[in-house]
Structure formats: structure tokens, C-alpha cells
1. Of the residues B:Thr221, B:Thr156, B:Thr169, B:Thr162, which is within 12 Å of another protein chain (Cβ to nearest Cβ) and at pLDDT 90 or above?
2. Would you check if B:Ala73 is under 30 Å from A:Glu170 (Cβ atoms), away from chain A (no Cβ under 12 Å) and loosely packed, with under 13 Cβ neighbours inside 10 Å?
3. Within region A:82-105, take every residue that is modelled with pLDDT under 85 and not in a helix (DSSP H, G or I) and give me the one that is farthest from A:Lys779 (Cα to Cα).
4. Could you identify the single residue in A:Asp660, A:Asp678, A:Asp637 that is within 48 Å of the chain's Cα centre (by Cα) and either of a type in the set (D, E, K, R) or at positive phi (or both)?
5. Taking the condition part of a helix (DSSP H, G or I), more than 9 Å from chain A (Cβ to nearest Cβ) and either touching a helix residue (DSSP H, G or I) at 6+ places or on another chain (Cβ under 7 Å) or charged (D, E, K, R) (or both), does B:Leu64 pass?
6. What's the total number of residues in region A:230-240 that are surrounded by fewer than 18 Cβ atoms within 10 Å (Cβ to Cβ) and part of a helix (DSSP H, G or I)?
7. Could you check, for region A:517-536, whether at least one of its residues is out of contact with any Gly (no Cβ under 6 Å at 6 or more places or on another chain) and small (Gly, Ala, Ser)?
8. Given the options B:Ala235, B:Ala226, name the one that is touching a residue at least 60 places away in the same chain (Cβ under 8 Å), in contact with a Ser or Thr (Cβ under 7 Å, 6 or more places away or on another chain) and either within 14 Å of chain A (Cβ to nearest Cβ) or not in a strand (DSSP E or B) (or both).
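The values are calculated or read from the model by the stated rules, or taken from the named source; none is laboratory data. In this text the structure is predicted, and so the values were computed from the model without any measurement. Note that each Cβ is placed from the backbone with ideal geometry, even for glycine, and that neighbours are counted across all protein chains shown.
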Amino acid sequence: MSAPRTIPDHVLDVQVSAADPDVSAFVSANAGSGKTYVLAQRVINLLLRGVDPAKILCITFTKAAAANMANEVFKRLADWTKLDDKTLDDRIRRSTGGSGDAAKRARARRLFASALETPGGLKVQTIHAFCTRLLHQFPFEANVAARFTVLDEATTTQLLDELTTDVLLEASAEPEGAFGKALAAAIVIAADQTFKDVIGDAIAERDAIEAWIARAGGVEQAIGELSATFGVAPDDTKESLEQEFFSHSLIPESEWPALIEALESGSKADTNHIDALTAARSASGRDRIDSYLRIFCTAELEPRKNIVTKKIAEGHPQWFDRLKAEQGRVCALLARERALAARDRTAALITIAAEVIARYAREKERRGLLDYDDLIDKTLALFGRSSAAWVLYKLDLGIDHVLIDEAQDTSPKQWDIVETIVSEFTQGGARPNVRRTVFAVGDEKQSIFSFQGAAPLEFDARRRLFERQFDTPELGWKYLRFHHSFRSGQNVLGSVDRVFSGSAVFASVTTDAAGVPPHEALPNAAPGLVELWPLIAPADKKEMEGWDAPFDTESEESPRVQLARRIAANVKIWMAHGLKAGDVLVLVRQRGPLFEAIIRALKNAGVPVAGADRLVLTEHIAVMDLMALADALLLPDDDLALACVLKSPLFGLSEEQLFDLAWNRKSSLRISLHANADFAATNSALEDLAKAARDMTPFGFFAHVLGALRGRAKILARLGPEANDALDEFLNLALDYETRETPSLQGFLAWLRAARSEVRRDMELARDEVRVMTVHGAKGLEANTVILADTTTPPGGPRDPRLLKLANGALAWATARAADIRVMTEARERSQQDARDEYRRLLYVAMTRAAERLIICGVQGARKIPDGCWYQLVGDALSADCKSEPADDGDGEVLRFRKREALPVEIRKDAAAKVAKAATLPAWLTRDAAADVAAPRTVTPSSAADDDAARPFVAAGNAMALLRGTLVHRLMQSLPDIPPELRAKAAADYLARRGKDLDQAQRDAIAEQVLRLLDDVRFGGLFLPGSRAEVPIVGWVETGGKTIRVSGQIDRLAVTPSSVLIADYKTNRPAPGRIEDVPPGYLRQLALYRAVLTKLYPKKSVTAALIWTEATEIMEISSTALDAALAGNTLA
Amino acid sequence: MTAVEDWLRDPYTIYARYVLKLQPLDAVDTPPGARDRGTVIHGAIGDYTAQFAAELPADPSQALRKLGDKRFAPLGDFPEARAFWWPRFLRIAQWFVSWDAARRDGIETLHAEIRGELKFPVGKREFTLSAIADRIERRKDGSYAIIDYKTGAARTEKQVRTGLAPQLTLEAAILRAGKVESKLGNLAPGSVSEIAYVTLKGGEPAGKQLSVDFKEGTPDTQADHALGKLKALAAQFEDPATPYLSLVHPMWRNHYGDYDHLARVKEWSLSGGDEEDGE
């Protein structure tokens, strides 16, 4: 991403326009299109205009995003204080579109200080932080406790847990009370943990439940409403319905003998009914019903299509009709039974959940607490209260500009708050003469936080709303779209366009009826590559013999493990080509076995890999070791804990030493340790620790162990630096614990075990390691190479919903699908559709993380992959345009997608097979000189930056030369597409616009040189109409008995009737004058291109040249030189 | 007997528990979990089976409830556990009493929590396989039925057949050829006609009988197969060169039990490479 880019003017123009602080705007931005950059720019522009920082409110989705945004703004402002006039002018021009002058420069340089010093400062915050501040300002008007505390998520969960337990205890103490009955009903359906989980789900929906109960007028009324919705009578019971099976029967038992007689003449299917009737006769209770139902229903309790055979139906038409009528009745009764069960369990759940919710509200009020939802609700209520008009008035004085980042993640209520704040903007408000704006930027395609209340449909709805309010001549309104990605190459973007092109698919990610907006790459971004690997299917399943397990070291590899290994093998190959580990991002939908297998496989392959991006602290082995240490000290008889500590890096005993201590001992391990002279040092260390544990607080003790006793060093030496995060978090918690509780080691351990704290690793500040993470975690990140590994999970949420939201606002507790009734089926389908839509948005986010290379791979279960899974979506969209090519690891072929057609070079199957057979890395991988050419990173003009890196630093005085090179390059690229007679003018225009820093003579010289080059007779064909720029090329070259894969991009290619001309632009400064001075890599590169093209055009001569942009010179490379370069390449 | 399963799945567990003699201790204030619920409910059903093996009480439901009360008493400190489990136990009791009553029609004698053993030579030593069966029925036709109460999931036919869950087939082997002592004297060795799990979950339905319907062979032939395999296994571990590997079976590759930490599973399962063989 460090390569210099050519950003087309129209792309810059859109950005400048969006950052124009005078006009309210809404930006719908594609992934990687620089939306956050523009938002920061807009803030800076506001400041440049002289807007008081305190009057800007910038709302982000997370606290981390707020910090990043503020940092970004301050960093740029800080930079400005250091720039010289000219550069600063340029920055001002770039951000505002206008030119800089002395006054502007002076103001720009002061911004940093003023933004820092303003009381209240620049407000970049989450909406919750904004609400907190507001409520603290107006507690009386908002009807909240004057010095309320905001409940964090962990405390909220803990409080709700306690209240749930309280209610359940009361329920069990009074089995005949309302809660007792509810518990008894619920416990039949769900085991304890499941029921608690469902209560948890219900509490998470407390908004909906409270609204429902309020609307119905109470819990009882709500349950009554549920009966009506489900079509059961309030006093129906399981027993009363079971009674009905026979009490209302259309074929009373007295007539069964007659029916049996009629059935006797039938075939097996009919006489089965006789058995059913006979069984029903002698049975009682549910068995009797079940037997009877066998006549009418299948085993799944679906109505039989044919109750009796044709023979009986025709021979006994009255019986046939009566049986059909009875079938209708019992099936309706079965449906009522299902409805009743659904009502009863939902009623039980709501009874208990509503009580917990009510107590939670009371408890918050009593203790002066507000949770996150309250912050939003109370703020809205405050705005709604007529007595609070002056709050709005005061607020109105305070905020002139509202900017919203990640607007797609804003929930409806949060939007309502924003809307209230900006409503005054359009009315003139408190200060009619001040220009006030709203700005929102987001991407509905990237809305993946529905579980946190994000509602993707809102994004477009609110845009329309704002548009109606702001789109007036006085206020001004812009709706802009960012199509250009600053991140990804055209092939990655092309694949995204394809995958989301069908209306059935794009409807999931965008509200735009025209579909997903096109994704455009920057013109000189490396085109990249999209690869589809074949799915890995399980081998023919040989049955596992448990008896052989203890010796079965070559256990069969699951597809997951195979895939993980393949990923690791490929990463290794790419790294041998110069890709850095940090350039690789592996994405999964959820942490699970595949996630773990990939991390493991990478580690085994010796690839640096970041550990899990999130893990439960107490499950980290370094923390387990520390906890075992504490256990062993607290309870000297805990032999196992002591053994664990001794084997841990803290003591580092071997299995053999442990055996010596433990084998055949007569007493505890601790005493054995004390008695054994060989372990005197270990024993005295342990005794010192025991004393330290008694004398110190938990934090003090562990800090002592890790620091003074070098425990951290020992742990890191064995477990690697990733253990640092866990250890730091562990110490933080110890310190945190001491501030809340009486510090005791025992108490800390118990608290830690119960808290199940998670550690999150900051993957953004990545070390040079492969990152393996979930798509959610990767939001906002990018990498050169992205591997989607988890592509065959069913399209939907991570699990089936346990609570269904019915159309009328009520909720229903759902169990198995078969137990659904119609209203629930509909609700389930809606929820499935929402989940499927989010699943597809996740795919969008995942694919757009890739800059150059995107790999889609996955595993297949025993059955076929689920319809609509990621792999299928991508495969269906791309495979027709993919080419099957040998895989990098030589393991068969993979499909490669390129948006722009690569030249159809025949792939030599035998050559591919040869590579595959080798099984080890192909020899050319380890050759250093050729890497430039054969690397999977295509060779593009931008790779010239790498050449710079290899040379001494180019002094700042060379800035002109640099600019000149860029301009020449750009002209060479674009002018050939313009008719010859218009080229001179186009060149002059372009240079006038982009080459302002050059004087007229220099500009004329450049134009003249470029035009002369284009007309050069030797290479006239190269720039004639029909010639092409930046042509991707892939092929195989066999030379010296070896096969080399060539993958690259030819800057200029022309095919004439007799010859093929190729040229590559090079930006070397100074440009070599003689062929001897040309870097050999360039020659090899051209030689390989030529070799590939010779195979394609065997009858034509292939001429190659290098174009030196610095000198604006063309250098033809003789075929002799090229042949030599090719030979050298293979001999190296 | 459960030791045999550990032996098959995570030999290191056997090594740590029986060779190093390291026993896991529960933290003092650990609230009861699924395992304890199993113990309590299993215990009450077992007590009932044992106490009324010869004759059913006048009011079976009442009797089982009483036994349940006794078993639940230690949970007094955890009212929450009782709140959830007692209602389930009542449902289980109700189901079990009628299942048990119906089942008795075909039973000659009933034995609960009954211990048996089978000895066979391994090298120069003698290997003793011992087991305590939840319930053994001597059927009226002279054959035996072996029944295991499960408060969790029952084993599948495949797990039983392939040796991943060899408990019941090995119990059958003991019944066929070993010594099983009952209050009524040693049981005569005999054929096993049924191997079944009875799940007791307390949901809907509260209980369920799941007889293992072998895809191949009969309970008798499966018992002989399992015993043969066990003998081979014992012979192999008798060789001191055979390592007690940790987590060899891929099904349990990431976590198995109490000794994962001691085996440092998390360390090598991530960093790989090193062969931890426990000896």
C-alpha cells in the first residue's frame, strides 16, 4: 500500500466535494474508499473556516474509532505546523479545493493548538458518551439521578444474572405461585442452562418486551393476547386438548369394530390401521392418542396423503369420507396442541423475564445507575419533554456541525437523537445567521452489527429524510458516492461486483434498486488476483476403531486440518516470494475448530502468527499456570495444581522429574518435594513464594512473580510474545480486583474464574504476523492477501433464534422447527432472511479486506455444501470467467479470476503435473534473483517504489524529478488513447493542471518529449490505436529444463500483423543511458514476457523495450540481450 | 471401567491418575454443575432400583421421591440447583416408575449397582477388569439385559460397537465369563440379549429407553470382540516402550479432561512439534 498512486482528478474532486464544510452531505461509500479520511478532512476544513472546535460534534460507532478519529485529526494538524509554505498550500488546496494564502497558512498552523486548547475541545465521541454528557448536564430535566453512574456491560450482565437467580429462587420456593408455575412449565422444555440462556435472550430484548407489555396493559393481558394470536383459548390445557381427541371424535370407539371390518379387505397399509386401532383400544393416556394418530399421520405427525388405499376408498366411500373428516379434525387438534405448548412456554418465559426486567429497572433507579440503552432512551425522553425546550435551545447554541461516521451501524433510536439535534439547523434555530451542517458517511453494505441494534435499512431512510430537510437553495445538500477503492485492485473489486450483481443477492446488501454501485480501482493499483481453491472433502470415511486409538498416531486428517495445512503451506510459499507474514489475513465467520486448526497449522509451519484475536483469559495457558501456582500455594494438598506449576515455565520440570517426585510417594507431592534433596532449589523457591503469597496483595504477588522473579521472561521464552497480552490483562484484573474487594489471593482466584474475562488483542497494531480472525473483528482492517477459509457454513446466523419476534410485536419462545405454528414460521422466516442478508454483508466486508489477492477456500462435509453459502455465491458468480491454473503449492489446479482478461496462454498440463509431483517447493522459489518476476505480486509500475527502496535515499531536492517522472508516466499511459491530433492539447492541459509546480518551459519540454516518444517510428506501433495499456499476463515458460510461472502485467502491448511490441515503464533516476547499466531484473522480466508471448504468437517477432520516464527515452532491448537474460535467469 | 475409556481416549489421563497419583480437587465453593446433577439423579434412581429389586413398594412414586429427597439434601447450600433440578427429577421419577413397572414383567431377578470382574493373564501378570453395572436384569428366558442410566446423552450404537464407548460390551463380557457377585450369590455366566441405555433428562419426554441395536452381530459377539480388543490393548501397554500419549484421538484433540493442563495441551497443540509422551 506504500506505492505512490495516481489518484484520478475526478476521484479527488468527489473527496474534496464531500469534505466541503459549507454544505450538508451524505456519503454512501464503498469499502476502502477513504470515508474516514474524508470525515477527518471535513473536520479539519471546518476548523480552517474558523469554526470553534467546541461546536463540532463528531459521532463514531465505538470508543476506539473515536480515539482513532481524534488522533487522525490531531496528527494532520500537528503535521501542518511543520510544513513549509508551499507544501502547506498544497495540502490546503487538496483538502479544500481552493488555493492557500498567507492568512490561511497562519490559521492552519494555529489549528493544532486551538483544537487542543479549546475548553471542551473537539468532541469526537460515541453517541453514548454524548448522551452521558448531556444527561449529566440536565439531570433534573431528564429525570435521572443527579450523579448517575453508567453501567458497563460486564456489570450489567452480572446484575441481570443475580436478579434472574433471585426470581428463580423465589419461584422454586413457592411452587404454587405464578413464578413457581412458570418455572415448572419452563423447566420441562429446557434444561437449566438453556432456560437461563433463553431468559438472557428475553432480557436482551427488554425494549420489545416492555413495549409489548405496556401496549397490552400488563403481563397477564400480554399472555392473553398471545392466546388470541396463537388461536388457543385462555383456559385450554394440555389435558383438555388430549381429552378432545376422543371426546369429540368423528369416529367414536363404538364404531371401531365396524371400521376394522371394513379395513380388513385392504392391503398392508390398511391393515396397519387395524393394529393402530387395536393398540389404541388397550392403551390409555398419551399412548392411546399416539396409536390413534398413526392412522392419520406419518411418524413426523404430518397428515398422510392417502389415509387408505384406493381399494378401501372406493369400496367403502362413507368410511373414506369419515376418515378424511377425522383426519382434518385431529390434525387441527395437533396444531392447537403445538400452539398451546408455544403459548405456555412463552407465557412462562415472559412471566419470569418481565419480573427480572422490572426488578432490574427498580434496582437501577435505587442505585442511580443507567445502562447503555437508558442513556439513549432518557436522552430521547428529555428531547421529547416540552419542559425541556430550553435544553434544546442551549444545545442549539452549542452544536453547529454534526458528523457521523459508520452511519450504517446507527440504530433507529440513535438516529432519532441525531435528528432532534439537527432539526434546529434547518429552522434557523437559536442563531439564524450561522451556517450549520450535518454530514454522515457510511456503507450499508457493511452493516454487520445487527446484534448490537444496527439497522441497515435506516441508512437510506434517514438519508432521504435529511435530504427533504436540507435540500433547499439556502442550506444546500449533497448526496455523494465513493466508488473508488484506495485499497483493492481491480480483480478483487471486479469479483465483488460480480458476486453482488444479481438482484437476488444485491437486495441483501443494498437498498438501491439499481444494485451495488460499481467498485473502481485506482488506475495504477496492482490488479491482483482472486483464487478459488477446490473444496476439501472428507476422505471416504473409514470407521474409527476406538480400540486402536491409543496407537493411532496417523489418525485420519479431517478436511479442516487439511485445509489449515494447505493455507499454511501456501503462506510459506508466498513468504519465500517476499510477501510478509503481516500481509496475510485469514478470515473466518466464527472462532471454532477451523480457526484453531489454522493457527496451529501456521505455527507448525513456522509462520509467525498472531494468536486468537480474542480468548477467555482463564483458558490461556500462561494464566492457567499462574492460577495453578496460587492454587498450589493456597492448598498445599492440591497435588495436581502443584504438578502443573512444576511443569510450567515457572519451574520448568520435565515429565521425568515429575515422575521421580510423584511415583510411589507416600504423602502429598508437596511433602515429597520437601523431602527430595534433588529438588532443594525448587522447594525453597516454592517456600519463598508461599511467604510472598501470604504477605502480598494478589497484584503485588503476581507482579513479584512475573517481574522480580523473572516469571514473565520464562513464560515468554517458552510460549512466545503472544502471552504478553494475557499476562498484562491478568495483572490489570488483579489490580482492578483490589480496588473493589478486600484483596485476598483466594478471593481473586474465585472472582477470576467466575468472571470469564476475555482478552482482546489489537490486531491493527500488528506485528509482522499472519492474522487469523473473524470478519467482525476485521472490520476496518485490510491486508495484501486475504484468505476466506470458512466459506461453507449455512447462510444465516450462528444459531437458530430462540426468541421469535411476531408481527404484532409479541415474542414467542421457539424450540424445534417442527414445533412452530404458522405465525412462528413466518417470524422464523423473517428472522432467517435477516440473518441471510447479514451473512451476505459479512461476505462483502470479508472480500473487500483484500488489497491484491483474495482466496476463497473451504471444506465440505459429508453432504453437499449449503445452498447460498459464501463459497457457492462466489463460485457461481466467478467460475464461468475463471481459468483453471496450477496452484502455487503445486497441488492440482485452482480457479483464478481476473476481471481484465489475461492473455490466453496455453497452460501446459504436463508442466503443472511436474511441479505437483515434486511435492517439495519448486526450485525457482528459493532463487533470489528471479523473485522480482515470478512473484505472485504482479510487476507493475508501482513496484518502482521498491527499486527506490533499494537505492540511496533520494534527496528532497529531487522532488521536482519525482514529480516529473510521475507526470511523464501518467501521460504515457493516457495519451495513446487520445487521437494523435488532440494529444498535444491534452498533454498541455494535463500539465497545466497537475504540474503547477513546474514552470512553463519545463512543462512544454515534458509534453514535447512525450509526444516525440509516442511518434517514434521504431515503436510507432506501440502507441497506435488498438495497442493496450497494462495487460495482465500469465503463462509458463520452459527453459533450461525447468518450468517457470510468469505472472505480471505488461505496461504497453501492441500486436501488429507481423510483430508484437512490448514495453515497460521504468522510473529509475537517473535513467541508465546504456544497456549495460540496466538492472538485470528488468531484462529478465522483459525476457520472460517475451518468452510467454512467443509461445502465443509463434509466427511473429517479439520486440521489447524499456521506457525511461525520467529521461523520456525509449531503449530497445536486443533479442541477444534478452536471450542472455533468460538463460541467466534459469542458470542462477 | 470408565478408566478403560480414558485409556482409549487419553492414555495420559491414566498415567497421571494411576501412575503419578495426582487427583484433581474441586475449588471449595464451586457451584454444582451438570456432573453433580447427574450424580444426584443417578443416585436416587440407583437407590430405588437397589432397594426395590425384589419387590415394588406400595406407592412407587412416593418411595422414589423420598429417595430423591435424601440425595438432594446435600444441595441445600445451592438452592438454585434445587430450583432447577427438583422439578425435573419429579418428572423423571414419574416416568421411571412406570417404565420400571412395565419392564418387570419380563424379569426373573433384578440387580442394581452390582460389581463384577474378569481376570485374564497379560504377560506374566494378571489383568483384572472390573465394573459396576447400574442395572442387570436376569430375564425370564435366562438371558441377561444390561442397562445403564444416563442423565446426559446416551452413547451411539457406533460408539459402542467400535470401542469408543466399550463400557457395556465389557460388562457383557464379564457377565458371560467372569464373576458377578449379587446378594443372591454369584450370577451364573450367561448370554446377554440386550444392552440398553436409559436416558433420564426430565424434559419432554422425561425419560427414554434406547436399546443398542447392533449393526453387526449380537450383544454376545460384540462382548467377545470387545474383550479380545481389550486383551490386545493390555498386552501392548504391558510393553514398557508403549507411551502413554496425551489426546491421541482426534475427536478429543483440543481438550479432554482434568489432566490437559498437566499435559500442557494448549502449549503443544498450538506450538506443535514436540512429542509429549508422558514417560
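1. Details: B:Thr221 fails: within 12 Å of another protein chain (Cβ to nearest Cβ); B:Thr156 fails: at pLDDT 90 or above; B:Thr162 fails: at pLDDT 90 or above.
Criteria check complete, one pass: B:Thr169.
2. Working: under 30 Å from A:Glu170 (Cβ atoms): yes; away from chain A (no Cβ under 12 Å): yes; loosely packed, with under 13 Cβ neighbours inside 10 Å: yes.
Considered against the rule, which asks whether it is under 30 Å from A:Glu170 (Cβ atoms), away from chain A (no Cβ under 12 Å) and loosely packed, with under 13 Cβ neighbours inside 10 Å, B:Ala73 comes out as yes.
3. Per the criteria, the residue is A:Asp101.
4. Details: A:Asp660 fails: within 48 Å of the chain's Cα centre (by Cα); A:Asp678 fails: within 48 Å of the chain's Cα centre (by Cα).
Answer to the selection: A:Asp637.
5. Working: part of a helix (DSSP H, G or I): yes; more than 9 Å from chain A (Cβ to nearest Cβ): yes; either touching a helix residue (DSSP H, G or I) at 6+ places or on another chain (Cβ under 7 Å) or charged (D, E, K, R) (or both): yes.
For B:Leu64, the condition - part of a helix (DSSP H, G or I), more than 9 Å from chain A (Cβ to nearest Cβ) and either touching a helix residue (DSSP H, G or I) at 6+ places or on another chain (Cβ under 7 Å) or charged (D, E, K, R) (or both) - is met.
6. If we filter region A:230-240 for residues that are surrounded by fewer than 18 Cβ atoms within 10 Å (Cβ to Cβ), which is where we start, we get A:231, A:233-235, A:237-240.
Narrowing the set further to residues that are part of a helix (DSSP H, G or I) leaves A:238-240.
Residues flagged as surrounded by fewer than 18 Cβ atoms within 10 Å (Cβ to Cβ) and part of a helix (DSSP H, G or I) within region A:230-240 amount to 3.
7. No, region A:517-536 has no match at all.
8. Values: B:Ala235 fails: in contact with a Ser or Thr (Cβ under 7 Å, 6 or more places away or on another chain).
Selected residue: B:Ala226, the only one of B:Ala235, B:Ala226 that is touching a residue at least 60 places away in the same chain (Cβ under 8 Å), in contact with a Ser or Thr (Cβ under 7 Å, 6 or more places away or on another chain) and either within 14 Å of chain A (Cβ to nearest Cβ) or not in a strand (DSSP E or B) (or both).
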